[in-house]
Amino acid sequence: MPERSGKDYAVFFYVTEFQPGWPTLPETEIEAKALQKELDIEYGFKCELVANPTKQDIRQKIREYNARMTENDQVLFFFSMHGHYDPGLRDRGYLIANDGLSDDAYRDTWLSYDDLRSDLAECRAKHILLALDACHSGSFGIRSKSIPDGPAYNQEDDCVTKINKTFKYMGRQYCSSGNKETKTPAKSLFASQFLEALRKGNDGKMLRFHDLLYWLGKVENPQPESGTFSGHDPGGDFVFVRKNACVSMVDRDGDTVPDTLDQCPDNWGSQANGCPATIKGAGETMQDLQAWKTAKQQNTETAYKEYLRQFPKGEFREDSNTALRNLEDEAMRASDNMAWDLALEKNSLVGYKKYLSDYPAGLHYTEVQVRIGALEVMNNMVLVKGNTFSMGSSSYPGEKPVHQVTLSDFYISKNEITLAEFKTFIDATGYQTDADKEGGSKVFTDKWKEKKGVNWKCDTRGNIRPLSEYNHPVIHVSWNDASAYCEWVSKKSGNVYHLPTEAEWEYAASGGEVGHTKGTDKNDEKSLSRFANFEGIEDGYANTSIVGSLESNALGIFDMSGNVSEWCLDWYDIYRPESQDDPRGPSNGSYRIFRGGSWGSIAQSCRITFRNSNSPNYRSSHVGFRVARSK
């Protein structure tokens, strides 16, 4: 019988204690532990209980499982906690973790279902089942209006064939304790029926998602809902397979009655009841037992394999196989940790990338991605030697007066921050951008308008970008978001990063050429198109372009005069006429500066002296950022 290579996992997030204003839910612990025990003992799931997690704990734990899963695994994520739903324009549901504030007007401390779906999208498991036991949990997705699809079984299919059909397609399914409008009682009928389904709702071998829904459907108020979410393939189906489900029954005790005395271990799970010792001779049983005790005492791979060689159908066959798997896991963890220590010692891109190559789903997957991201930012920096230059322009009111500025040496990133780089920050911190919190960003179709649901993952039209475009500059980020990114990179790298000051930005954009104002008039357009992606020129890009795809300026810095406008550190104010050294702008204000033209700008707006500004939480499809630091 072919052995399934994947494993079954279950993670139970439950909260008993909440922040003031939320009632306690002591029942969640009892319910989660009862389900965990059933799945562990009867179905062979590897279970983990996560008690009283914070919002960030939940997201981090999901990411750990995302990195660990293989394409033949199944994982159940069970949530038991308070929930909330915002109707109307927001139309968004939330889970309330241990740190969720009851008066959180902006929902910063609540886990939105949007973020949950986003995190689950990275999971590589063949099947994901999301069970939501919370008030208003039906707001997670669009419920199914018909019987959910599953693999088509023939009546004559045996157990193994059914399971193999089940694992042919990706499954992304959820069930909730009620719809988005209803509240769930503290003592959950949903959890009770889920447990009942595991105990009674199968044919003794396997429980399909459809079978589970039948038992959940017995709850009348509130009535559970179900459906699929992004990544689901028609025919994909989460399945609970009992231990020893596919065993071939042999009449071992000679009574012609198929019963537990006839069961033997098999490849699908450890033995549920065991092959009774009375079937063997007493001498053989004693030899089996003694060989097992010896193997267990030595606790080595060689010892367990020797036991299996002597007793391939022995009483402790499954125990020996389990011990071998545990030893293999321990060896893999030790090897993983040693490789990670070596990477930390080298503290280089080469070292971290080698670890990631050797252990693509390693124990330190999240941390290595963070460190690679921080080092790539450091390697992306260009040294700009200090100088005195004339800042501003006499041609336009907002750029007057021209004044002398002296800058010290500084570094600035040669490219605008990409989606890939920003994603590393989001994955590491769980940070919510202003677009996420406030429900959208500005896009341009025939005119500028706010579009609901748009965030940093989107393109200029507000559509989700494919991964192939993660080398484009990140947009739909506010000054607040860009500053948060700088703070994170600073902590991870040990250097203090900031958004470029307006003076640093203008001098770097000039390429170090004092008095240079690229893009001042129409005669410059042809020349400008070599350096800048802007409106009205045929450069091969309708909107944003890959960072660094056009020519750099004299300092080796790309896209300063186009692609996206870029946030600067300063508050907006009119220029002062006197000379200044390393100016950082006024100490307060209402608007933050952004500089440089964008993909939608005319050539005149690509002048390096051109100034623009908006509120710190402003975000749109034409503004991104780059970073700087002092030498």
Within segment 20-37, is there a residue that is surrounded by 15 or more Cβ atoms within 10 Å (Cβ to Cβ), in contact with a helix residue (DSSP H, G or I) (Cβ under 8 Å, 6 or more places away or on another chain) and either not in a helix (DSSP H, G or I) or not assigned by TED's automatic domain parsing to the domain that holds Ile128 (or both)? no
Asp446: assigned to a loop (DSSP other than H, G, I, E, B) and over 25 Å from Asn380 (Cα atoms), yes or no? yes
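Going by the conditions given, is Asn179 in a loop (DSSP other than H, G, I, E, B) and either under 30 Å from Glu17 (Cβ atoms) or modelled with pLDDT of 90 or more (or both)?
On the way: in a loop (DSSP other than H, G, I, E, B): yes; either under 30 Å from Glu17 (Cβ atoms) or modelled with pLDDT of 90 or more (or both): yes.
Judged against the criteria, Asn179 is a match.
If you check Gln56 against the conditions, is it in a helix (DSSP H, G or I) and under 30 Å from Gln369 (Cα atoms)?
Numbers: in a helix (DSSP H, G or I): yes; under 30 Å from Gln369 (Cα atoms): yes.
So Gln56 passes the test.
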Among the residues of segment 419-436, are any under 22 Å from Leu569 (Cβ atoms), in the same structural domain as Leu555 (by TED's automatic domain parsing), touching a residue at least 60 places away in the same chain (Cβ under 8 Å) and more than 21 Å from the chain's Cα centre (by Cα)? no
Conditions (1) surrounded by fewer than 21 Cβ atoms within 10 Å (Cβ to Cβ); (2) part of a loop (DSSP other than H, G, I, E, B) -> Pro222 fails only (1)
Would you please list the contacts, defined by Cβ atoms under 7 Å and residues six or more apart or on different chains, that run from a residue in segment 354-374 that is in contact (Cβ under 8 Å) with a residue 24 or more places away in the chain to a residue that is crowded, with 18+ Cβ neighbours inside 10 Å and hydroxyl-bearing (Ser, Thr, Tyr)? Gly362/Tyr355; Val368/Tyr352; Val368/Tyr355; Gln369/Thr424; Val370/Thr424; Arg371/Tyr352; Ile372/Tyr352; Gly373/Thr424
When you scan segment 421-441, do you find a residue that is touching a helix residue (DSSP H, G or I) at 6+ places or on another chain (Cβ under 8 Å) and more than 30 Å from Tyr113 (Cα to Cα), even just one? no
When Ser441 is evaluated against the numbered criteria (1) part of a strand (DSSP E or B); (2) surrounded by fewer than 23 Cβ atoms within 10 Å (Cβ to Cβ), which criterion, by number, is the only one it fails? (2)
Restricting attention to segment 415-429, which residues are within 11 Å of His472 (Cβ to Cβ) and aliphatic (A, V, I, L, M)? Ile417, Leu419, Ala420
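The values are calculated or read from the model by the stated rules, or taken from the named source; none is laboratory data. All figures in this text were calculated on a predicted structure; none of them were measured in a lab. Reconstructed Cβ throughout: ideal geometry from the backbone, glycine too, with neighbour counts over all protein chains shown.
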